[in-house]
Amino acid sequence: MVHLRTDIGAQQSYVGEDTQHNYADNLETDVLIVGAGFGGVYLMHRLRDELGFKCKIYEAGAELGGIWHWNCYPGARVDTQVPIYEYSLPEIWKDWTWSEKYPGFEELRKYFAHVERKLDIKKDTAFNTRVVGAEFNKETHKWDIQTEDGRTAHAKIFINAIGFAAKRHFPDWKGLDTFQGEMHHSSFWPESGVDMKGKRVAVIGTGSTGIQIAQEAAKDADHVTVFQRTPNLCLPMRQRKLTKEEQDKAKLDYPELYKYRMTTFAGFGYDFVERNTFDDNEEEREKFYQEMWDEGGFKFWLANYKDLLFDKKANDQAYNFWLKKTRERITDPRKRDVLAPLEAPHPWGTKRPSLEQDFYEQLDKPHNNIIDIKANPIVEVREKGIVTQDGQLHEFDIIALATGFDSVTGGMKNMGLKDINGVLLKDKWAEGTYSYLGMTCNDFPNMFFLYGAQGPTAFSNGPSCVEVQGDWIVDAIAKLRKENITYLNATKDGEEEWREKVAELSKKTLFHTVDSWYMGANIPGKPREQLSYSGGIPLYEKECREVLNNGFAGFTTQAPAAQA
């Protein structure tokens with residue numbers, strides 16, 4: 001059967017004298033934030049501590065950290081190097097030291113414990129609190145928010161900071177519940193871990209989670225079989241340990257680094273070079289590619305030639321280099337063709353590449369296997385394992401479902417959000433996604449969200465996206481208070497124009513040509529559309545700031561007259 005970790009039962013440990021009011025029914029607050037990950041914590045700090053608003057957080061989990069509270073599967077770690085992947089707040093980074101360049105989930109949890117010691121977020125957070133409904137009250141001009149356990153909260157401002165991967169996706173294979181071994185979705189992995197030593201392990205999916213699980217499982221398991229629909233065009237992570245001395249020295253430049261990251265396309269510490277692929281001759285190009293490759297991480301993706309994601313012929317050059325470097329690591333001819341096919345499965349970099357450490361070497365071992373389920377699909381799950389279309393039963397002791405999420409839009413569509421006319425957001429977005437600025441929705445007045453639909457979400461890293469959007473939301477709320485505006489509602493025209501802008505930006509790139517979770521194509525029946533703003537963080541920030549500086553252009557600030 002599928003084992004789900006729910007973290008139920010921990011709530012009472014947080015309900016002391018100083019936090020009991022967070023769990024009260026009919027809670028009244030200026031701002032209610034849903035989610036205690038990077039976004040929710042940042043917004044709480046800025047709105048409560050800097051601007052003096054009364055704020056509360058509702059968090060479905062039992063701790064701060066968002067995805068890093070939930071993720072504990074083998075090998076779970078971030079794909080953005082530090083110090084980019086952390087808050088730019090000096091009070092946080094000045095006395096924090098990392099142990100390695102790409103931290104794992106354990107260290108990221110310690111980081112959030114450090115954040116808590118500095119910012120005291122928990123005193124205004126209700127844990128194990130899942131929002132199941134929310135609607136703007138036309139009479140009180142407040143949001144009425146319902147929780148799964150029957151409580152209601154009332155807030156002038158309602159902010160969703162649930163992240164882009166808040167709704168898990170489970171495959172609909174026949175017999176999924178009949179498997180007699182252990183089966184876990186990556187986001188519900190047991191906190192106590194899973195003993196894989198000497199076991200037969202299946203990993204279904206080759207997104208970043210599948211790559212990480214397979215890579216780690218292969219070190220202990222008797223054998224690992226990866227079921228791959230599409231090859232992940234992985235990049236070498238180049239993980240390394242960090243010393244306190246080198247970080248202390250580097251901190252002198254942190255303020256400038258954090259300013260610089262907001263000038264780059266994806267909010268990293270590097271950016272595309274200002275020349276095109278064929279501006280360099282073959283020898284120069286090879287040398288440049290090799291430099292990016294050797295440095296590791298996303299440099300080969302996001303510090304490459306500026307036409308990489310726009311010109312197919314230029315993109316082919318990058319794929320050919322990737323192909324050469326990857327195939328030379330795989331000795332088995334069949335596995336080599338499945339993992340690194342001679343013909344590109346899609347333009348390179350139009351699906352987020354995973355960062356690996358020894359994935360190809362592990363899968364290349366004779367006792368491990370890779371199955372191409374595009375050619376030989378999974379047809380059912382039985383008591384002892386997985387049956388593929390060729391009729392073969394593959395027996396396993398453990399199945400890891402790295403089948404991903406209903407990304408970007410799934411979480412908000414799953415919260416019971418209703419507009420001022422009582423229409424559910426999931427129904428409004430059933431045929432396509434509409435937002436204004438990737439932070440607001442028409443007929444959801446005084447509601448904001450971040451790291452979600454039609455923002456820079458998929459084309460950025462979490463902290464950078466959270467801070468550019470969080471700062472705008474904070475400034476917008478401060479402006480509402482200063483100008484005594486009690487009602488802010490994105491217009492339908494604003495939404496239409498923003499949706500068109502997101503689509504047009506995407507059509508100029510190669511992203512638009514590929515079926516990926518960027519385009520909503522990983523979920524059966526989901527509309528195929530660009531779900532993230534692909535114009536880069538600097539342009540995004542400029543356009544959002546213009547709206548704020550032009551008196552909330554694209555919004556109405558007057559509530560409709562009450563019906564007689």
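Are there any trypsin sites (Lys or Arg not before Pro) in the range 365-456 that are in a DSSP loop and have at most 14 other Cβ atoms within 10 Å? List them by number. Before the final figure, lay out each step's value.
Details: sites: LYS374, ARG382, LYS384, LYS413, LYS418, LYS426, LYS428; in loops: LYS374, ARG382, LYS384.
Within the range 365-456, the qualifying trypsin sites (Lys or Arg not before Pro) (loop, at most 14 other Cβ atoms within 10 Å) are LYS374.
Using Cα pairs under 8 angstrom and six or more residues apart, how large is the relative contact order of the chain, in percent?
Reported relative contact order: 19 percent.
Averaging sequence separations of C-alpha pairs under 8 Å and six or more residues apart, then dividing by the length of the range 176-401, give the relative contact order as a whole percent. Could the numbers behind the result be given before it?
Details: 339 pairs, mean separation 80.0, N = 226.
After rounding, I find 35 percent.
Toward the positive end of the charge dipole of the chain, about the Cα centre and with charges on Cβ (Lys, Arg +1; Asp, Glu -1), which of THR129, LEU393, GLN212 goes farthest?
It is LEU393.
Using the crude model of +1 on Lys and Arg Cβ and -1 on Asp and Glu Cβ, and no other charge, please compute the dipole size for the range 342-479 relative to its Cα centre, in debye to 20.
Working: 11 positive and 19 negative charges, 101 e Å.
The calculated dipole for the range 342-479 is roughly 480 debye.
Would you mind checking the pairs LYS374/LYS501; LYS197/LYS351; LYS313/LYS507; LYS335/LYS374 and listing those with alpha carbons more than 23 angstrom apart?
Details: LYS374/LYS501 34 Å; LYS197/LYS351 32 Å; LYS313/LYS507 17 Å; LYS335/LYS374 15 Å.
LYS374/LYS501; LYS197/LYS351, as the Cα separations exceed 23 Å there.
Can you return the lysines within cross-link range of LYS251? Criterion is Cα-Cα under 21 Å, with same-chain partners fewer than 8 residues away left out.
Answer for LYS251, where 21 Å is the Cα cut-off: LYS94, LYS101, LYS110, LYS118, LYS241, LYS259, listed by chain and number.
Strictly greater than 33 Å: what percent of every Cα pair in the chain meets that? Can you show the working numbers first?
Working: 69081 of 158766 pairs.
Distances greater than 33 Å cover 44 percent of the Cα pairs.
In whole Å, how far is the Cα centre of the range 430-462 from that of the range 346-424?
After rounding, the separation between the Cα centres reads 26 Å.
With runs of 4+ DSSP H residues as the only contributors, calculate the mean residue ellipticity of the chain at 222 nm using -39,500 (n - 2.57) per run, divided by the residue total and rounded to the nearest 500. Don't jump to the answer; show the numbers that get you there.
Details: 17 runs with 160 residues, N = 564.
Rounded to the nearest 500, it is -8000 deg cm²/dmol.
Cut-off under 17 Å on the C-alpha distance; same-chain residues fewer than 8 positions from LYS384 excluded. Which lysines are left, in chain and number order?
Within the straight-line limit of under 17 Å, LYS384 reaches these lysines: LYS174, LYS199.
Values in this text are rule-based calculations from the coordinates and carry no lab data. On a predicted model such as this, the values are computed, not experimentally measured, just so you know. Cβ coordinates were reconstructed from backbone atoms using ideal geometry, including for glycine residues, and neighbour counts include every protein chain displayed.
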